[in-house]
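Reading through the structure tokens given below for one structure.
The values are calculated or read from the model by the stated rules, or taken from the named source; none is laboratory data. If you're wondering where the values come from, they're calculated on a predicted model, not measured in any experiment. Glycine gets a Cβ as well: all are built from the backbone with ideal geometry, and neighbour counts include every protein chain shown. Only protein heavy atoms, including side chains, enter the accessible area calculation; ligands, DNA and RNA are left aside. Shrake-Rupley method; radii C 1.70, N 1.55, O 1.52, S 1.80 Å.
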Amino acid sequence: MPPQSHAAPTPPAPDEPGATAVARAQQLTDVITRLRRALRSSIRTDYPWESLPMAQVELLQTLAAEPLRVGELAARQRLAPNTVSGLIGKLLDAGFVDRQPDPGDRRTARIALTAAGRQQLHDWQRAHERRLADALESLSPTDRDAVAHALPALEQLARALSSPA
């Protein structure tokens, strides 16, 4: 079997149908990647106590709504169950989650946030909100308005990406 290429797909030529959509998708992908990287880096610099990997934070965010079984968490996060089990193990060791009996099936357990986990998630969210608020304040009023006006469309885009294809 020949080795697979990992090169990025060639975008359509500017005059091909879909060229504008592909170019916008590429630009959006680049901006989202840079925003996540910049936010993660600045949080670590500005708030050195913040050390949770994003995968663990995302599990805490999902568990904030309700306790879930590992399989349910894996499905929601679109991760392999063994990956989620490993992340849960680290969160258990840190005291951010615990196992609770599942009232519907005594053979399984649900993972729930502890008080320490809720506090960690709260602190993480406040740190990110402060960092983003500071960055937004550094923008011109026109750019701040543009970001604010883009939020509903970005929310719809997130929903479209989250729904099954």
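Here are some notes:
- Flag: A94 does not match the condition of being within 17 Å of the chain's Cα centre (by Cα) and over 17 Å from L39 (Cβ atoms).
- Residue selection: R110 satisfies the criterion of being outside any helix (DSSP H, G or I) and not acidic (D, E).
- For the stretch 124-147, the count of residues that are without any contact (Cβ under 8 Å) to a residue 60 or more places away in the chain, touching a Gly at 6+ places or on another chain (Cβ under 8 Å) and not in a loop (DSSP other than H, G, I, E, B) is zero.
- All of E58, E137 fail the test of being open to solvent by 90 Å² or more (accessible area, probe 1.4 Å) and within 22 Å of R37 (Cβ to Cβ), apart from E137.
- Among residues of the stretch 76-97, those that are open to solvent by 60 Å² or more (accessible area, probe 1.4 Å) and not in a helix (DSSP H, G or I), counted: 2
- Counted residues, the stretch 4-55 - those being at pLDDT below 85 and among the aliphatic types (A, V, I, L, M): 8
- Qualifying positions in the stretch 63-75 - open to solvent by 30 Å² or more (accessible area, probe 1.4 Å) and either touching a Leu at 6+ places or on another chain (Cβ under 7 Å) or closer than 19 Å to D105 by Cα (or both): A64, E66, P67, R69, V70, G71, E72, A75
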